[in-house]
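Notes follow the structure.
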Amino acid sequence: MKKLLVLILIVAGGYFVYENLIKEEPVLEIKAYKSTSASYSMDENAPALASANYGSVQGTVKNISDKVVTNIVLKYKLNAEPVEARIDRLEPGEVKNFSTQSVRLRHAEVTFFLEEKSYE
């Protein structure tokens, strides 16, 4: 019984240390979505070609900390292509829109994920 009580105290102490000393507080709240577009050939003398599909990642970034955040870089993978967005400065509580560069899509299914975020 003593061993079980000691084990519970060690686990509770480890959790307390992690939550209060080791765990980093979140700084940025990122909401992103994919944006796709298609362009078609408008020349009536040209043969019918498949449309060219382009995509980008767009969204908002909010500073949820109480300090100014600078040099924000969000690196995404959009259908395995690297794209990135940069924001110079965010005041506490400020929200800014972002958009990555457009890339030509090779597949109909568009997937994206946040690969890396960095800030100062």
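Annotations
- Compared with the dominant Cα axis of the chain, that is its longest principal axis, helix 2-17 is turned about 50°.
- The chain: radius of gyration over Cα atoms, expressed as a fraction of 2.2 N^0.38 Å: 1.67
- With every protein chain in place, the chain: carbon and sulfur % of accessible area (1.4 Å): 55 percent
- Ranked by how many other beta carbons lie within 10 Å on average, peptides 108-117, 73-82, 6-15, 55-64 from highest: 55-64, 73-82, 108-117, 6-15
- Chain lengthening between K3 and K77 when straightened (0.36 nm per residue, less Cα-Cα): 21.8 nm
- Taking the helices alone, the chain has a mean residue ellipticity at 222 nm of -4500 deg cm²/dmol, built from -39,500 (n - 2.57) per DSSP H run of at least 4 residues and averaged over all its residues.
- 16 Å reach of a label modelled at K67, 7 Å along Cα-to-Cβ, counting backbone N of region 13-31: 21-29
The values are calculated or read from the model by the stated rules, or taken from the named source; none is laboratory data. In this text, all values refer to a predicted model and were calculated from it rather than measured experimentally. When we count neighbours, we look across all protein chains shown, and the Cβ atoms used for this are built from the backbone with ideal geometry, even at glycine. Ligands, DNA and RNA are excluded from the accessible area calculation, which covers all protein heavy atoms including side chains. Shrake-Rupley method; radii C 1.70, N 1.55, O 1.52, S 1.80 Å.
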